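Working notes, structure below.
The values are calculated or read from the model by the stated rules, or taken from the named source; none is laboratory data. These figures come from a predicted structure and were not determined experimentally. Note that we place each Cβ from the backbone using ideal geometry, even for glycine, and neighbour counts take in every protein chain shown. Calculation scope for accessible area: heavy atoms of the full protein, side chains included, ligands and nucleic acids excluded. Shrake-Rupley method; radii C 1.70, N 1.55, O 1.52, S 1.80 Å.
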Amino acid sequence: MNRIISSFRRLLTEIGLGSDSPYTEEDLRAAFRTRYHNFRLLLTANNKALEIMTDLEKALQGEQPFGMSFVRSRSTAVCVNVFRIVKHLDEIAGGKYNELYDRFRIIQARINEALEVKRPSASGELVLPFAAIDRSMVDQVGSKMANIAILSNEISLPVPPGFVITATAYERFLQHHALQTEIDRKIQAASSEKMEDLYSLSAEIQQLIMAAEVPPELEADIMAAYAEVEQRTEPDVRVSLRSSALGEDVAGHTFAGQFRSELNVSRENILEAYKSVLSSKYDLAAMAYRLNRGIPDEEVAMCVGCMAMVSAMSGGVMYSRDPLNLRDRRIFISSVWGLPKAVVDGSVDPDLFIVSRENGMSIVDKLIKAKELQYICYPDEGVCRLETGGDRKAEASLTEEQVLELASLATRLEEYYGWPQDIEWAVAADGSIRILQCRALEQHESAAADSRPEVENASQALIARGGVTASPGVAYGEVFIVKSDLDRLRFPDNAILVTSQSLPRWAPLLSRAAAVVTELGGVAGHLANVAREFGVPGLFGLPLVTELLKNGDRVTVDADGLSIYRGRVEELLAVRSARKNLMLGSPVYEILQAATEHIVPLNLLDPDAPEFHPKKCESLHDITRFCHEKSVHEMFNFGKERHFSERASKQLVWHVPMQWWIINLDDGFKEEVKGKRVHLDNITSIPMLAIWDGAMAVPWEGPPPVDAKGFMSVLVQATTNPALEPGLDSVYAVRNYFMISRNFCSLTSRFGFHFSTVEALVSERDQENYISFAFKGGAADYARRVKRAMLIGQVLEGHGFDVEVKQDNLFARLVGRDEAYMKDRLKILGYLIMHTRQLDMVMSKDASVAEYRNKFRKDIAQILGNLATELRANA
């Protein structure tokens, strides 16, 4: 008897009628507000973290360029948001999951390690003469100047005397007055990597460098090296200063035209010229190039080569092979009057000489252009651009003997290095040839003429034909004519870049351009080099193209066929090659890849598995998954963990013989209710009203007709299956209870042997919205219960839910959709809760399953037609 009395007293306490009820209505609301506040903050941080992870995964697809600023900022942001998630779960769960802090710190340390970029060592000489340089010193002098020194030291090719201001000198310069720290601060503070932001950042850093003083010991070494060049040439010799950045002129990363060269510099201005070349590391073109090629700023130490200036009679660039045909062994020499600058910057259409190496060297073709302009050295200092006078502009800029001598040098260089070469050269006033630069030639394959498709109505669609193929390929887009820096900032994505000269300053646009078309320039220019490197079709040297085209024209550029067509030419576009992923394999890409290994992978998949534990979190994604799952669990268990006084609940006034009870957690009522009952029109809860609309939309016709076999199955199950007992030790398991606020609802519903729960958060903030639904129980045999769970799952999957059926239990979830969408799905759940009662008893036949599937489909279509609101209003 005493045991019965004790049990009775315990029951009274549990349902809130005894004197030991620990929580008042205000306690309940205060506890909920705290949980609800932290839960919403957790969801906000969770969604932000997942958005950042999506950004990182998208970046790894290589569709858009990104730099270390992107990698560092996104990695920092995801760490901040995941820490917030852990903190908010800690507030919700009262310290149950403190182990997460340790796991977070371990994973964060791994991410930080992956993000470290080692700067070049600052040990070694500040200045090295060409004669002291060998192939082992590339990390000190850069590939470009190492190649020049090797040409002189190892194979005795004609190279002007000079020296290199090394990577050590660069580091010493930046350390002086803490320049590197200030540059890093400016880069990290930049809001984005967009062109307009890079433009202002570029100007700020260049001004910073130009205003800095050269360290005294570096100045002394530079001037001593210059004095040695004087001794080998003439007093007050003029020099050129050229970039030789680490990573420049290596295979796949030419940096063609991205850095500054200073020509014809006097002794008095060497230090200013040196700083000018250093500052060009942060020229807009160079910064954009590094961004597009995934090269961290820290990896590019700027070495500078200083050579005796060659006051050239003619100059240019030669390729030891055809850059657009892997099988063509001929040598291609582009030449202009004066300095080779006019060739490399694309400001003049050069002469072209083609030399065959078959049966001895012979000139097999030459195209002599009208070279309107030339660059020459001023007598005192600097260079100027002059018009080429008289008949000279139409004359060949090289003699046949000079062409063959250059071709011979090209073959020697190719044989020495073992692969095709891209060579800059000059002919001095005395007729001797000097090699100024040498790097590996990037070769690309153009489409063969016999493999090109025929273009229907080609003559009608053709706008222009001519020029040269600077970079192979076909592209379609809107024309955008670029004439100024303002146009550069306004250039739209995937446009056709059209300009008069093929200047290197337009190179930053190539990552966003569909194709590039110019009036002047040839295959040997810097812009052509970068276009080929980026895989952007280029058609250069097409006269009057800026007059033939206008902004907004939609055209197809066929660089291989030397043609521009009006509109889309599908025949050509169908066979074009895919744009290559420039980021893949780059240093920045590999750094991001290493960091995301600790951010993105999801290892915790099954919440019911023993491995679903803080100790098993190996990535930030694992932590977010664990925290989200546990936060939902903690919110869902809000009522089960607290035996709130039943006086806190109000019975819903409704005209059906069912008991519905409401617990107002926060702002779920329009007005406070003092009595024991609440009317539906006093309820403001968005998710509850949506569930109610669905539940009442279609009247329940009562239990389905059961055959004798089905009835016996129910009877046997009801008398022998202990699992049919209520699964929760709470008064809320035997009635239908809503716990609500304006945007939150937790429904616990039990009809006979059927138990279901719905938890939902619905507001105008899409990223926070979620629905969780669980359904279990039934009185029929196991096979029928499973069929019913499968049927409900199929219905929910058809309406966007993620569904999991485990035996006869069903779990469904929906997250991140807009308010209207979530309300419609809650209506569906309300309908299913009402209309799947006792349905398991008739699930033995496939025909019955199909019948109810069709009924559900028709009823739900009616509900989503917004008839439910009218039904509620007329009730």
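Spacing of the modelled spin labels on Glu298 and Met790, each 7 Å from Cα toward Cβ, amounts to 5.7 nm. Only lysines eight or more places from Lys806 in sequence, or on another chain, were considered; those with a Cα closer than 19 Å are Lys776, Lys787. Ranking Phe540, Phe669 from most to least accessible surface, computed with a 1.4 Å probe over the protein chains only, gives Phe669, Phe540.
Taking a straight Cα-Cα cut-off under 13 Å and skipping sequence neighbours fewer than 8 places away in the same chain, the aspartates and glutamates within cross-link reach of Lys281 are Glu204, Glu248, Asp297, Glu298, Glu299.
Among the listed pairs Lys676/Lys823; Lys670/Lys858; Lys630/Lys858; Lys48/Lys483, a Cα-Cα separation exceeding 32 Å is found for Lys670/Lys858; Lys630/Lys858; Lys48/Lys483. A straight chain from Glu764 to Val805 at 0.36 nm per residue would run longer than the Cα-Cα distance by 11.7 nm.
Between Asn551 and Ala394, the FRET efficiency estimated from the beta carbon spacing at R0 = 35 angstrom works out to 0.55. Scaled to the globular estimate 2.2 N^0.38 Å, the Cα spread of segment 471-561, given as radius of gyration, is 0.92. The order of the peptides 87-96, 378-387 by mean Cβ neighbours within 10 Å, most packed first, is 87-96, 378-387.
When you count the other C-beta atoms within 10 angstrom of each residue and take the mean per peptide, 502-508, 48-54 line up highest first as 502-508, 48-54. Counting only residues at least eight positions apart within a chain, or on another chain, the lysines with an alpha carbon under 20 Å from that of Lys369 are Lys341, Lys393.
Distance between the 7 Å Cα→Cβ label points at Trp700 and Arg568: 5.5 nm.
At q = 0.21 Å⁻¹, what is the base-10 log of I(q)/I(0) for segment 493-616 according to the Debye formula with one equal point scatterer per Cα and no solvent? Please give it to two decimals. Cα-only, vacuum Debye calculation for segment 493-616: -1.21.
Could you give log10 I(q)/I(0) at q = 0.18, 0.26, 0.27 Å⁻¹ for segment 743-826, computed by the Debye formula over C-alpha point scatterers of equal weight, without solvent? With one equal scatterer per Cα and no solvent, log10 I(q)/I(0) is -0.75, -1.23, -1.28. Across segment 254-343, Cα-Cα pairs farther apart than 14 Å form 74% of the total.
The calculated FRET efficiency for Leu489 paired with Asp134, based on their beta-carbon distance and R0 = 45 Å, is about 0.50.
Convex hull volume of the C-alpha atoms in segment 305-411, normalised per residue: 123 Å³.
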